[in-house]
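Structure first, commentary second.
Taken together, the values in this text are just the output of simple stated rules run on the coordinates, not laboratory data. All of these numbers come straight from a predicted model, not from anything done at the bench. Heads up, the Cβs are rebuilt from the backbone with ideal geometry, glycines too, and the neighbour counts pull from every protein chain shown.
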Amino acid sequence: MAEESKPAKRRVKNPETFRERALKSTEAGEQPKRTHRVLSLMGRGATAVFRPLGRLGSWFVGLKAVKPFKKPVRIIGRVLFPAYFRNSWKELKQVTWPSWKESRQLTYAVLIFAVIFGATIALVDYGLDKAFKDFLLK
């Protein structure tokens with residue numbers, strides 16, 4: 001007799017957390033996707049204006065005539081922008097921001113929790129107020 005084979009159980013993979021995605025992106029050496037929401041809100045016209053300016057700036061910084069000015073500008077930048085601000089900027093670059101869908105879901109969760117918690121506190125306050133007035137003040 002042939003053995004009856006059981007169908008394999010289906011396993012559902014848990015979705016990745018923000019931390020897991022961030023670790024994966026740092027291990028792979030890639031930067032997380034950065035969407036330029038301001039530019040997308042302003043439309044294609046803004047992108048057409050700012051992209052060539054960025055390319056022009058990077059070209060300008062690479063010129064040999066600019067190289068003697070890089071070190072003094074860097075020193076002035078270190079004086080004007082203390083280490084706290086530089087380190088804060090570095091930390092902000094490492095942040096992995098949630099998507100719009102995730103942020104909406106988290107916002108709804110917070111609002112629902114706030115309403116339930118507020119209603120619970122109101123009920124407890126009302127009950128204690130009634131008990132205090134009925135039993136202790138008579």
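Can we say Glu91 is exposed (fewer than 10 other Cβ atoms within 10 Å of the Cβ), of a type outside the set (Val, Ile, Thr) and within 30 Å of Arg19 (Cβ to Cβ)?
It is true that Glu91 is exposed (fewer than 10 other Cβ atoms within 10 Å of the Cβ), of a type outside the set (Val, Ile, Thr) and within 30 Å of Arg19 (Cβ to Cβ).
State the number of residues belonging to segment 116-138 that are in a helix (DSSP H, G or I) and loosely packed, with under 10 Cβ neighbours inside 10 Å.
Here is the first cut: in segment 116-138, the ones in a helix (DSSP H, G or I) are 116-136.
Narrowing the set further to residues that are loosely packed, with under 10 Cβ neighbours inside 10 Å leaves 134-136.
Total satisfying the criteria: 3.
List every residue pair whose Cβ atoms lie under 6 Å apart, where the two residues are 6 or more positions apart in sequence or sit on different chains, the first residue falls within segment 71-96 and is touching a residue at least 60 places away in the same chain (Cβ under 8 Å), and the second residue, located anywhere, is part of a loop (DSSP other than H, G, I, E, B).
What qualifies is Thr96/Pro32.
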